[in-house]
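Colleague: Dropping a structure here in structure tokens format, bear with me for questions.
Laboratory data are not the source of any read-out in this text; all were calculated from the coordinates shown. Keep in mind it's a predicted model, so treat the numbers as computed, not measured. In this analysis, Cβ positions are derived from the backbone assuming ideal geometry, glycine residues included, and neighbour counts consider all displayed protein chains.
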Amino acid sequence: MIHLKDISFKYKKDLPYVLKNININILNKEKILIAGPNGAGKTTLSKILSGILPKIENGVLKGDYFFNNKNVNDLTCQEILKKTGILLQDFESQLVTTTVKEELIFYPLNKNISYTDALKSAQRLAENFKIENIFNRDTSELSGGEKQKVALLSLLTANPEIIILDEPFTDIDPKTREDIIDFLMQEFVDKVVLVFEQTLNYFEYFDRIIIINNGEIIFDGNKKDLFNCKKVENAGLELPFVKKYFNGVDVVDFIKNNYVFDEKKYLDLLKNTEKSNEKLLSVKGLFFKYQGINDCVLKNINFEIKKGDFIIVAGPNGSGKTTLMKIIAGIISNKQGEIKKSINDLKISYIYQNPDNQIFADTVFNEVSFILKTSNINQGIIKQKTEEILKVMGLFDKKDEDPFNLPKGDRQKIACASILIAEPDVIIMDEPTTGLDIPSLNSLMSIVEELNNKGKTVIIITHDMDVVSKYGNKILVMLNGEILYYGNKYGVFENDEILIKANIKRTDIMNLTYKINNKLLLNEKEFNICWRKK
């Protein structure tokens, strides 16, 4: 169906190639995961496959692309786009109507399907993915995750022959991610599905895995071959814990027979969740609703934040997480209720879910150093601190580039670095790991942990269960504008009722340890503390 032969691509004549000698054959009905680190060339490849490059966006393409045995050079852009459908990383730009309902009937109506049939189909989708409550809402009023979900479902209503999804789950909660993948595999059996991702978290759903690094294909094979490929880790990718260390064995029996559990160390882990008794901020009786919407987005929110807390905020899309944190940061006002700070000049900084809402400078260096330049700080110190954080974030070689010419993952890192460099008292980060590969995520979180160890308070909104499992001493779970749970993380992941209500999933290591002896461990570090080889 698709044949790429010796494809190389660069965006300008005087720039290096971002894809080099790509050769791929894609058969009808194949379901392929295409993974790789930041800057590997995944987005470029997705745009070539969809016909965007170089038909709509400019660039230099070498090699041949055959679609149904026809050279793409001989096809019009319209002919390619009729067969392919792509969800871009910038999914908000693909929302073309004003309401969710209109978005979900847009493509069917343009294919001359009757309004009645298009509406029925849209209502079924809304019911399947539990978005009936936002069906008549304006898309501009939706949360980031809701927008991504609607953009993806809208694309699927077009029923393209080739479905191309570029990081389609970044803002979507864990349970809905799995529901969407199941839906793709069941409802689009006769279609080609290509999913581009930074991780291998969902590799088991796919027939075939392709891994790209530095613009080249370093692996193209099935799941079994993936376990024996050393190049995978070299590309900054990791297999899930159980598959990585215990693939091919009865893991529960293997651990019981070969490892010893340390009860004392386990109990010590459970104790070490409180960092301080010093109250920093309290929220009492908080209610909030947006203008023009009858229902409250937040309902009777009450909780306390202590100095040095590292709080993870989780919950389904549209549960009020971002709204609550923007109110705490002072970005949104007109609330009902009380937010009391223990320090009058408490410095609270907020990192936006979409980095493009925050970036404005002409170079990476100027963006990251801007907040320091507004203070009375020596220019030499500004240069030193900026270069230090750019090196840690892997951005130093790009310091003179325009941020908007860089991939979204890099823009995410820039947005985070520009706030973290100021070391505010409270750091609120809304989905900061979106679009980051594992090395970039680890670099970012090392800075965040270092600041937290200095006594800074950190709050992270995230759907990334790996981040939830590894970081933070507390978790705040929201549902329908209310706090469902606030406390240590063990209390959430040992409670099936909360997990189901909040669309939260245990990681494989949580499931494994809970299954062995009913003593849930959150991550690999805790496993190595509590389980030792005989």
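Colleague: So if each residue of separation counts as 0.36 nm, and I subtract the Cα-Cα distance between Asn234 and Asp345, what length gain in nm does that give? Show your work: numbers first, answer last.
Modeller: Details: separation 111, 0.36 × 111 = 39.96 nm, distance 4.57 nm.
In short, 35.4 nm is gained.
Colleague: List the pairs from Lys42/Lys244; Lys373/Lys456; Lys271/Lys391 whose alpha-carbon separation is above 27 Å, in the order I gave them.
Modeller: Details: Lys42/Lys244 24 Å; Lys373/Lys456 22 Å; Lys271/Lys391 36 Å.
From Lys42/Lys244; Lys373/Lys456; Lys271/Lys391, over 27 Å: Lys271/Lys391.
Colleague: Where Lys and Arg each count +1 and Asp and Glu each count -1, what net charge lies around Val150 among other residues with Cβ under 12 Å from its Cβ?
Modeller: -3
Colleague: Restricting to the chain, what percent of DSSP beta bridges are antiparallel, rounded to 5?
Modeller: Restricted to the chain, the bridges split so that about 55 percent are antiparallel.
Colleague: Can you give me the orientation-averaged projected area of the convex hull built on the Cα atoms of segment 2-239, in nm²? Present the calculation step by step, with values, prior to reporting the outcome.
Modeller: Details: hull surface 52.0 nm².
Orientation-averaged projected area of the Cα hull: 13.0 nm².
Colleague: Kindly state, to the nearest 0.05, the FRET efficiency for Lys373 paired with Lys279, given R0 = 30 Å and r defined as their beta-carbon distance. It would help to have the intermediate numbers written out before the result.
Modeller: Numbers: r = 34 Å, r/R0 = 1.12.
The calculated FRET efficiency here is 0.35.
Colleague: Next question. At 7 Å along the Cα-to-beta-carbon direction for both Glu449 and Ser114, put a label point, then send me their distance in nm to one decimal.
Modeller: 6.1 nm
Colleague: Using the structure shown, list the pairs from Lys120/Lys147; Lys13/Lys111; Lys265/Lys534; Lys275/Lys534; Lys340/Lys474 with a Cα-Cα distance above 28 Å, or answer none. Intermediate results must be reported in sequence, preceding the final value.
Modeller: On the way: Lys120/Lys147 21 Å; Lys13/Lys111 39 Å; Lys265/Lys534 16 Å; Lys275/Lys534 33 Å; Lys340/Lys474 20 Å.
Too far apart for the 28 Å limit: Lys13/Lys111; Lys275/Lys534.
Colleague: Residue by residue, what Karplus-based ³J(HN,Hα) values in Hz, rounded to whole numbers, does segment 356-373 have, using 6.51, -1.76 and 1.60 with θ = phi - 60° and x for Gly and Pro?
Modeller: Once θ is set to phi - 60°, the couplings for segment 356-373 become 5, 6, 10, 7, 9, 6, 8, 9, 4, 4, 5, 5, 6, 8, 4, 5, 6, 5 Hz.
Colleague: Expected output is a single nm value to one decimal: the length gained when fully extending between Tyr202 and Gln384, i.e. 0.36 nm times separation in residues minus the C-alpha distance. What is it? Display every interim value, and only then the final one.
Modeller: Working: separation 182, 0.36 × 182 = 65.52 nm, distance 4.04 nm.
Length difference between fully extended and current span is 61.5 nm.
Colleague: For Met478, which sequence-distant residues (separation of 5 or more, or a different chain) have an amide H within less than 5 Å of its own amide H, given hydrogens modelled in the peptide plane?
Modeller: Residues meeting the amide H criterion: Ala314, Gly315, Leu484.
Colleague: Something else now. Beta carbons within 10 angstrom, averaged per residue: use that to sort the peptides 316-328, 171-183, 461-473, 375-387, highest first. Don't skip to the end; give the middle numbers.
Modeller: Values: 316-328: 23.7, 171-183: 19.0, 461-473: 22.0, 375-387: 12.5.
Ranking the peptides 316-328, 171-183, 461-473, 375-387 by packing returns 316-328, 461-473, 171-183, 375-387.
Colleague: Can you work out the Karplus-derived ³J(HN,Hα) for every residue in segment 324-332? Use 6.51 cos²θ - 1.76 cosθ + 1.60 with θ = phi - 60°, whole Hz, and x for glycine or proline.
Modeller: With the stated coefficients, segment 324-332 comes to 4, 6, 5, 5, 4, 6, x, 6, 10 Hz.
Colleague: Quantify how much of the Cα-Cα distance distribution of segment 64-132 extends past 15 Å, in percent.
Modeller: Details: 1553 of 2346 pairs.
Summing the P(r) of segment 64-132 above 15 Å gives 66 percent of all pairs.
Colleague: Taking volume of the Cα convex hull per residue in Å³ straight from the coordinates, which label in (1) 200; (2) 160; (3) 171 is the correct one?
Modeller: Answer label, from the structure shown: (2).
Colleague: If you place +1 on the Cβ of every Lys and Arg, -1 on the Cβ of every Asp and Glu, and leave all else neutral, what size is the dipole of segment 228-291 about its Cα centre, to the nearest 20 Debye? List each step's numbers first, then the result.
Modeller: Details: 12 positive and 9 negative charges, 71 e Å.
For segment 228-291, the charge dipole is close to 340 debye.
Colleague: Return the long-range amide H neighbours of Val297 (sequence gap of 5 or more, or a different chain), with a cut-off of under 5 Å between placed amide H atoms.
Modeller: Phe288, Lys289, Tyr290
Colleague: Quick one: what does P(r) look like for segment 330-458 with 10 Å bins over all Cα pairs, in whole %?
Modeller: 12, 43, 33, 10, 1
Colleague: Follow-up question, since we're still on this one. Once amide H atoms are placed 1.01 Å from N in the peptide plane, what residues at a sequence separation of 5 or more from Ile351, or on another chain, have their amide H within under 5 Å of its amide H?
Modeller: Ile428, Met429, Asp430
Colleague: Suppose every K and R has +1 on its Cβ and every D and E has -1 on its Cβ; what is the size of the dipole of segment 386-534 about the Cα centre, in Debye to the nearest 20?
Modeller: Numbers: 20 positive and 23 negative charges, 171 e Å.
About 820 debye.
Colleague: Determine ³J(HN,Hα), in whole Hz, for all residues of segment 110-125 in sequence, where each value follows from phi through the Karplus function 6.51 cos²θ - 1.76 cosθ + 1.60 and θ = phi - 60°; x replaces Gly and Pro.
Modeller: 6, 9, 6, 7, 4, 4, 4, 5, 4, 5, 4, 4, 5, 5, 5, 4
Colleague: Okay, next question. Cut-off is 10 Å between beta-carbons; in what order do Asp190, Asp64 appear when sorted fewest neighbours first?
Modeller: Values: Asp190 8, Asp64 13.
Ranked by crowding around the Cβ, least crowded first: Asp190, Asp64.
Colleague: Treat each spin label as a single point 7 Å out from the Cα along the C-beta direction, and report the Lys299 to Leu15 distance in nm.
Modeller: 4.9 nm
Colleague: Along the charge dipole of segment 156-290, pointing to its positive end and built from +1/-1 on Cβ of Lys, Arg, Asp and Glu, which listed residue (Phe246, Val195, Asn213) has its Cα farthest out?
Modeller: It is Phe246, whose Cα lies furthest towards the positive end.
Colleague: If each residue of separation counts as 0.36 nm, what is the full-extension length gain between Ser140 and Phe287 once their alpha-carbon separation is subtracted? Present the calculation step by step, with values, prior to reporting the outcome.
Modeller: Details: separation 147, 0.36 × 147 = 52.92 nm, distance 2.12 nm.
The span from Ser140 to Phe287 would gain 50.8 nm if fully extended.
Colleague: How do Thr97, Thr433, Thr116, Thr43 rank when sorted from fewest to most other Cβ atoms within 10 Å of their own Cβ? Please list the in-between numbers first.
Modeller: Working: Thr97 15, Thr433 26, Thr116 8, Thr43 21.
Least crowded to most crowded, the residues run Thr116, Thr97, Thr43, Thr433.
Colleague: Rounded to the nearest 0.05, what FRET efficiency is calculated for Phe396 and Gln123 with R0 set to 51 Å and r the Cβ-Cβ distance?
Modeller: Numbers: r = 51 Å, r/R0 = 1.00.
Efficiency at R0 = 51 Å is approximately 0.50.
Colleague: Still on this structure, I have one more. For the pair Asn258/Asp74, report the inter-label distance in nm, with labels modelled 7 Å from Cα in the Cβ direction.
Modeller: 5.7 nm
Colleague: If you place +1 on the Cβ of every Lys and Arg and -1 on the Cβ of every Asp and Glu, how big does the dipole about the Cα centre of the chain come out, in debye to the nearest 20?
Modeller: Working: 72 positive and 73 negative charges, 170 e Å.
The dipole magnitude comes to about 820 debye.
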